Amino acid sequence: REWIPQLFDYAKDWGIDFLSSPFDYDAADLLEEAGICLFKVASPEIVDLRLIKYIAAKGKPVILSTGMASLEEIEEAVEAAKSTGNENIALLHCSTCYPSPAHIVNLKAMETLRSTFRLPTGFSDHTLGWHIPVAAKALGACIIEKHFTLNRDQEGPDHSFSIEPAQLK
């Protein structure tokens with residue numbers, strides 16, 4: 001957490017909007033103090049309706065990652081955010097398998113989310129490579145989340161399936 005202000009400033013120097021998912025109230029406050037322009041709720045937190053209300057009440061756009069949530073759980077999360085008066089909500093379809101094999105991604109689920117909730121819908125991609133997010137965009141995704149690393153050989157939980165600079169370009 002002590003790195004957030006430094007990371008925010010570094011991203012700003014490069015013209016990049018810094019974004020980090022809060023998992024508790026203190027993290028949400030810290031991110032707001034740093035100056036983030038929106039909040040993203042990670043898939044495991046979509047059922048934490050009190051945290052969603054807390055974040056949405058800050059008045060910034062909210063992206064809800066749907067992960068393994070049911071339509072009912074997604075509806076409850078959307079309603080929790082909207083109950084604060086915040087209507088600026090988007091949904092991300094994703095698979096919670098890391099890395100995700102392409103055959104389980106089911107990009108058509110974005111259409112189900114879009115037609116059910118009438119909200120902007122995107123895709124949180126955990127597949128290898130760049131082909132699936134391109135397909136998601138072709139199917140109407142307005143947001144693409146893709147894990148990025150400078151080197152897949154680095155140690156850490158996400159590096160092995162993240163996209164490297166040449167692929168991202």
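The values are calculated or read from the model by the stated rules, or taken from the named source; none is laboratory data. Keep in mind that what you see is a predicted model, and the values were worked out from it rather than measured. Virtual Cβ from ideal backbone geometry, glycine too; neighbours counted across all protein chains shown.
When the residues of segment 113-129 are filtered to those that are at pLDDT below 95 and over 17 Å from the mean Cα position of the chain (by Cα), the one that is nearest to Ser70 (Cα to Cα) is Leu128. Number of residues in segment 135-156 that are β-branched (Val, Ile, Thr) and within 17 Å of Pro99 (Cα to Cα) equals 2.
The set of residues in segment 1-44 being in contact (Cβ under 8 Å) with a residue 24 or more places away in the chain, polar (S, T, N, Q) and in a loop (DSSP other than H, G, I, E, B) consists of Ser21 alone.
Against the condition free of Cβ contacts under 8 Å to residues at least 24 places away in the same chain and closer than 17 Å to Glu145 by Cβ, how does Ile89 come out, does it pass? Against the criterion (free of Cβ contacts under 8 Å to residues at least 24 places away in the same chain and closer than 17 Å to Glu145 by Cβ), Ile89 does not qualify. Counting only residues that are under 15 Å from the mean Cα position of the chain (by Cα), surrounded by fewer than 20 Cβ atoms within 10 Å (Cβ to Cβ) and assigned to a helix (DSSP H, G or I), segment 48-68 holds 0 of them. When the residues of segment 14-34 are filtered to those that are of a type in the set (A, V, I, L, M, F, W, C) and more than 14 Å from Phe148 (Cβ to Cβ), the one that is surrounded by the fewest Cβ atoms within 10 Å (Cβ to Cβ) is Phe23. Of all the residues in segment 135-169, those that are among the hydrophobic types (A, V, I, L, M, F, W, C) and at pLDDT below 90 number 4.
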